[in-house]
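The numbers here are math on the coordinates, done by the rules we state, and not lab data. A quick note: this is a predicted structure, and the numbers were derived from the prediction, not measured. Neighbour counts run over all protein chains shown; Cβ positions are idealised from the backbone, glycine included.
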Amino acid sequence: MDPTANILRGINARARAAQARMIFAEGDDPRVLRAAVMYQRSGLGNALVVGRNDDVKAKLEAAGLGDAVREIEVVNAANTQYLETYKTFLYDRLQRRGYDRSDIHRLAARDRHVFSALMLAHGHGDGLVTGATRKSAHILERINNVFDADAEHGAAGITALLHKGRIVLIADTLVHEWPNEEDLANIAERGAVVARHLGLEPRVAFVSFSTFGYPVSERAEKMAMAPKVLDRRGVDFEYEGEMTVDVALNAKSQQAYPFSRLTGPANILVVPARHSASISVKLMQEMGGATVIGPILSGVDRSIQICSTVSTANDILNMAVLAACKVG
């Protein structure tokens with residue numbers, strides 16, 4: 001049986017057992033509404049949609065889902081009893097970052113991403129899915145008003161590529177622009193956490209255009225230093241580098257390096273920078289036909305997942321399932 005099918009089946013089973021109250025931040029988008037309805041009707045938990053009642057109702061009716069209005073819960077700043085609590089929390093957090101009370105009101109009451117994050121921070125939902133309507137950098141900036149979802153606090157984005165019965169994680173695809181060796185080690189640890197949530201035993205490769213010191217390059221140096229950081233930390237998963245992607249993924253190519261600590265092909269590729277991560281993922285998606293899940297936001301206290309702006313309703317549902325399982 002396809003191992004990726006087993007992994008996905010296991011994730012869905014865990015999500016169904018969790019019965020999470022899932023916050024869908026972008027209730028004005030028909031794809032998001034379809035995903036919310038599917039989440040509710042699949043028995044995964046309760047769908048909380050952030051939007052205006054009339055707008056949500058009209059869009060559901062246009063999509064042929066008018067009866068779903070009675071199934072999902074529509075939430076916004078105008079109908080919550082917690083807005084003042086949210087604003088107090090946000091002001092305490094941001095008052096020394098140049099925000100005054102009018103700024104706080106605009107963020108809490110008018111920005112759906114911030115409002116949704118505030119709901120999650122106060123336990124008024126168990127997970128959050130957002131990002132279908134705005135670029136991930138914008139979403140991450142908004143979320144960081146409420147949570148510490150940045151490189152400094154150990155967050156990372158892990159993207160899963162599913163192709164020909166195989167799953168490989170690419171990191172970091174979301175948070176770190178140009179990580180140093182300590183950051184790369186952190187990213188590897190976050191990748192290992194996600195891998196284990198997905199039922200994989202982590203094998204990390206720090207990838208570059210060079211393999212074990214040849215050709216010599218300043219650009220590849222940090223990829224060789226990152227494993228030494230993990231050596232000092234004494235982590236409990238396999239890792240090695242630096243190496244090219246073919247050595248990382250191909251067991252036959254690995255035979256040329258009998259000293260390597262990897263016992264098989266890597267299932268986590270830690271890349272030098274976010275731009276190389278983005279290129280790798282999009283190339284595999286467009287040319288290789290890989291199924292892409294993520295980026296999975298890892299290392300944040302609460303369960304938040306950020307979709308791509310090109311996500312389908314099924315893609316958004318998949319991210320909601322990951323959020324329900326708190327993968328990451």
* To do: Provide the percentage of antiparallel DSSP beta bridges, counting only those with both residues in the chain; round to the nearest 5.
  => 35 percent
* To do: For the stretch 156-287, just say rounded, prolate or oblate: build the C-alpha gyration tensor, square-root its eigenvalues into a ≥ b ≥ c, call rounded for a/c under 1.5, and beyond that prolate if a/b exceeds b/c, oblate if not.
  => rounded
* Structure fact -> Surpassing 26 Å at the alpha-carbon level, of the pairs K164/K282; K222/K326; K135/K228; K59/K135; K222/K282; K59/K164, are K222/K326; K135/K228; K59/K164
* Using Cα atoms only, what is the angle between the long axis of helix 274-287 and the major principal axis of the chain, expressed in degrees (0 to 90) to the nearest 10? -> 90 degrees
* Take the alpha-carbon centre of the stretch 216-231, take the same for the stretch 2-63, and report the distance between them in whole Å. => 42 Å
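Whole-Å semi-axes of the stretch 143-226's equivalent ellipsoid, largest first, each the root of 5 times a Cα gyration tensor eigenvalue?
22, 19, 10
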* So if we plug the beta-carbon distance of N314 and S102 into 1/(1 + (r/R0)^6) with R0 = 41 Å, what FRET efficiency do we get, rounded to 0.05? -> 0.55
* Cα centre as origin, Lys/Arg/Asp/Glu Cβ charges: the chain dipole, Debye -> 560 debye
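For the chain, go through all pairs of different Cα atoms, get the mean of 1/r, take its inverse, and jot down that Kirkwood value in Å.
One decimal place: 20.6 Å for the Kirkwood radius.
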